[in-house]
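A quick write-up on the structure given underneath.
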Amino acid sequence: MSLGYDIYEDIGLLYIRGQGEITQGQRMNAMLAWLREPKYEDCTDALMDLAGVKTTPKIAELRELIAMLKQQMPARGPRRLAMVTTKPITFIVARMFEHLVRSQGLPFEVKVFMTLGRAWEWLRPDGPPFHVR
């Protein structure tokens with residue numbers, strides 16, 4: 001598995017998990033898949049776990065992802081995305097994505113964290129602990 005997702009309908013969460021090497025084509029295809037998923041619009045938040053990822057996108061690839069989001073993003077769906085990474089370079093690139101999303105006026109907030117627990121606390125401060133299914 002390189003990049004996949006699950007929708008936890010009972011808690012309204014899009015959970016995305018990456019492993020190993022991920023190409024830009026895989027990023028684009030996975031993103032299009034979850035954006036077109038009928039249950040996506042019922043999600044309130046998204047949690048992206050990149051702790052197991054070995055590659056990072058280039059800035060041009062981040063811009064390409066954002067351009068696609070601007071065109072394809074449904075009117076409803078997650079409005080907050082917590083990204084988790086454990087590698088410093090991936091953290092920096094994810095922070096750049098956070099900045100680009102904000103500067104392009106996309107209708108969702110992105111925050112980057114070094115632990116899954118902290119990311120979950122930001123998404124659901126009053127909710128029960130998150131458990132991957």
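The values are calculated or read from the model by the stated rules, or taken from the named source; none is laboratory data. For clarity, every value in this text was computed on a predicted model and none was experimentally measured. Cβ placement follows ideal geometry from the backbone for every residue including glycine, while neighbour counts extend to all protein chains displayed. Just the protein is used for accessible areas: all its heavy atoms, side chains included, with ligands, DNA and RNA removed. Shrake-Rupley method; radii C 1.70, N 1.55, O 1.52, S 1.80 Å.
Here are the numbers for the structure shown:
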| quantity | calculated |
| --- | --- |
| Dipole magnitude of segment 84-133 about its Cα centre (Cβ charges: Lys, Arg +1; Asp, Glu -1), debye to nearest 20 | 140 |
| Pair residue 37, residue 51: separation of 7 Å Cα→Cβ label points (nm) | 2.0 |
| Cα pair distances of segment 13-133 binned at 10 Å [whole percent] | 13, 48, 36, 3 |
| Inter-part distance where segment 1-17 and segment 61-133 are each reduced to a Cα centre, Å | 13 |
| Charge dipole magnitude, Cβ of K and R +1, D and E -1 - the chain, Cα centre, debye nearest 20 | 400 |
| Spin-label pair residue 9/residue 68, simplified geometry with 7 Å Cα→Cβ offset, distance in nm | 2.6 |
| Spin-label zone in segment 40-57 - amide nitrogen under 17 Å from a point set 7 Å from the Cα of residue 23 along the C-beta vector | 54-57 |
| Apportionment of accessible area to carbon and sulfur, the chain, percent (1.4 Å) | 54 |
| Rounded accessible area of residue 70 (nearest 10 Å², 1.4 Å probe) | 110 |
| Cβ-based charge dipole, the chain, positive-most Cα from 99, 85, 19 | 99 |
| Per residue value of the accessible surface for the chain (all protein chains in place, 1.4 Å probe), Å² | 54 |
